[in-house]
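The values are calculated or read from the model by the stated rules, or taken from the named source; none is laboratory data. Predicted model, so just to flag it, every value in this text is computed and none were measured. Here Cβ is always computed from backbone atoms with ideal geometry, including for glycine, and neighbour counts include all displayed protein chains. Surface accessibility is based on the protein's heavy atoms, side chains included, excluding ligands, DNA and RNA. Shrake-Rupley method; radii C 1.70, N 1.55, O 1.52, S 1.80 Å.
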Amino acid sequence: MKLCYYVAVVALSFFIFASPLFSEDATSEKQVRKITPGKVIIPFERMRRIWGELISMDLETRTGTFRAEGDDKVFHFTVMPYAELLHHATYGDLQDFRIGERAIFRMHENEKGDWVWLTYIQDEMNMLNGHREYYFVDEIDASKQEITFTQAKFDKTFVRETNLILKIDDETKFWKQGEPAKLTDVKVGDALRAKTHGLGKGRSRIAWHIFLDDESLQKFQSEQMQVHAQRMTQEGLPGYVDQVEENQLHITLFQEGQALAKNLKKQMTVRVAAAGVDRKPSSEPVIAKVIGVSNKGKLTHVQLSTDDPLTNIQVTGLARLWLEP
């Protein structure tokens with residue numbers, strides 16, 4: 001019995017001190033992380049995801065404002081360089097969004113406790129597509145130009161809300177099988193998706209686009225993917241500079257460039273340049289060779305060597321990387 005007791009105590013002691021559950025790393029993970037310049041950090045432990053209406057944006061400073069639908073409170077935001085800007089159900093950039101557009105804004109606190117740091121704008125199309133949800137048509141009132149609907153999962157095992165109103169105006173465009181359609185093509189029971197805007201106050205959905213089928217949404221999505229890929233090719237993959245030493249530098253490329261970043265291979269010759277707050281190159285690019293590539297989640301870490309001076313490229317600063325010399 002004593003031997004069994006001794007073995008049990010030793011085993012328990014080993015579990016307590018060796019188990020990751022009680023390690024210093026695990027303890028630190030429980031702490032709320034902070035937005036830190038030069039680091040890709042998204043404090044999921046403390047965030048707010050707010051449905052709102054985009055009011056303004058400044059592309060040079062990458063700042064803007066939106067109105068929360070719940071209480072009409074206006075939030076000022078600063079877009080983190082690595083933020084996910086999800087437009088037409090895929091990656092985009094700030095200039096893709098229209099003033100008035102309804103979207104989800106993911107916000108975090110700054111050092112003063114103000115909710116200003118933005119780490120994603122998720123457009124309505126992306127939310128519906130990602131959650132496999134639809135607007136199921138309950139009633140159509142052509143005279144009022146309104147569609148009453150229920151928002152629910154594709155199989156209706158989850159109903160988010162009922163008795164919602166989708167308003168139509170002269171700007172509304174309908175799409176079916178990827179081609180223009182009209183209100184008379186919509187039937188009770190149809191499963192729709194939409195891109196909408198607000199009225200500047202309260203909670204309203206006025207449709208810019210109504211998709212009568214998945215094919216139509218996917219057409220918009222595919223076109224946006226091509227636009228974004230071309231933009232990444234021309235403007236370079238964005239990222240943070242992690243380390244600069246002599247003739248080597250390390251860069252963490254943001255997830256928006258992952259489709260192209262997967263093509264990075266050792267011994268490839270690339271170009272890299274420092275970038276400013278607007279994420280545009282702020283200096284002439286240098287020629288570099290890839291000497292290491294690794295992936296962590298959706299981020300790509302690349303190690304480069306170059307014979308060119310790196311005086312303009314600073315640690316924690318922004319950079320752009322092109323896959324061709």
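Tabulated data for the structure shown
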read-out	value
Which numbered condition Ile251 misses (of (1) open to solvent by 20 Å² or more (accessible area, probe 1.4 Å); (2) in contact with a Gly (Cβ under 6 Å, 6 or more places away or on another chain); (3) not aromatic (Phe, Trp, Tyr))	(1)
Flag for Arg231 being basic (Lys, Arg) and within 15 Å of Asp93 (Cβ to Cβ)	yes
Output for region 40-53, where each listed residue is open to solvent by 10 Å² or more (accessible area, probe 1.4 Å) and within 16 Å of the chain's Cα centre (by Cα)	Val40, Ile41, Ile42, Phe44, Met47, Arg48, Arg49, Ile50, Trp51
Members of region 68-79 that are of a type outside the set (Ser, Thr, Tyr) and surrounded by fewer than 20 Cβ atoms within 10 Å (Cβ to Cβ)	Ala68, Glu69, Gly70, Asp71, Asp72, Lys73, Val74, Phe75, His76
Matching residues, region 255-289, being assigned to a loop (DSSP other than H, G, I, E, B) and either in contact with a helix residue (DSSP H, G or I) (Cβ under 7 Å, 6 or more places away or on another chain) or open to solvent by 60 Å² or more (accessible area, probe 1.4 Å) (or both)	Lys262, Asn263, Lys265, Lys266, Gln267, Val277, Lys280, Ser282, Glu284
Unique match (being at pLDDT 95 or above and in contact with a His (Cβ under 8 Å, 6 or more places away or on another chain)) among Val227, Val241, Val188	Val241
Lone qualifier among Leu192, Leu253, Leu212, Leu183 - being in contact with a Ser or Thr (Cβ under 7 Å, 6 or more places away or on another chain) and hydrophobic (A, V, I, L, M, F, W, C)	Leu253
Output for region 136-147, where each listed residue is among the hydrophobic types (A, V, I, L, M, F, W, C) and either open to solvent by 30 Å² or more (accessible area, probe 1.4 Å) or not in a strand (DSSP E or B) (or both)	Ile140, Ala142
Residues of region 103-130 satisfying the condition of being open to solvent by 10 Å² or more (accessible area, probe 1.4 Å) and farther than 24 Å from Arg205 by Cα	Glu109, Asn110, Glu111, Lys112, Gly113, Asp114, Trp115, Val116, Trp117
Some residue of region 148-161 being among the aromatic types (Phe, Trp, Tyr), without any contact (Cβ under 8 Å) to a residue 60 or more places away in the chain and outside any loop (DSSP other than H, G, I, E, B)	yes
Any chance Glu179 is surrounded by fewer than 12 Cβ atoms within 10 Å (Cβ to Cβ), modelled with pLDDT of 95 or more and among the acidic types (Asp, Glu)	yes
Verdict on Ile313 being part of a loop (DSSP other than H, G, I, E, B), touching a strand residue (DSSP E or B) at 6+ places or on another chain (Cβ under 8 Å), touching a residue at least 60 places away in the same chain (Cβ under 8 Å) and surrounded by 17 or more Cβ atoms within 10 Å (Cβ to Cβ)	yes
Residue match in region 221-238 (condition: part of a strand (DSSP E or B), out of contact with any Pro (no Cβ under 6 Å at 6 or more places or on another chain) and crowded, with 20+ Cβ neighbours inside 10 Å)	yes
Among (1) within 22 Å of Gln122 (Cβ to Cβ); (2) open to solvent by less than 30 Å² (accessible area, probe 1.4 Å), the one test that Phe154 misses	(2)
Qualifying residue in region 308-317 (condition: charged (D, E, K, R) and at pLDDT below 95)	yes
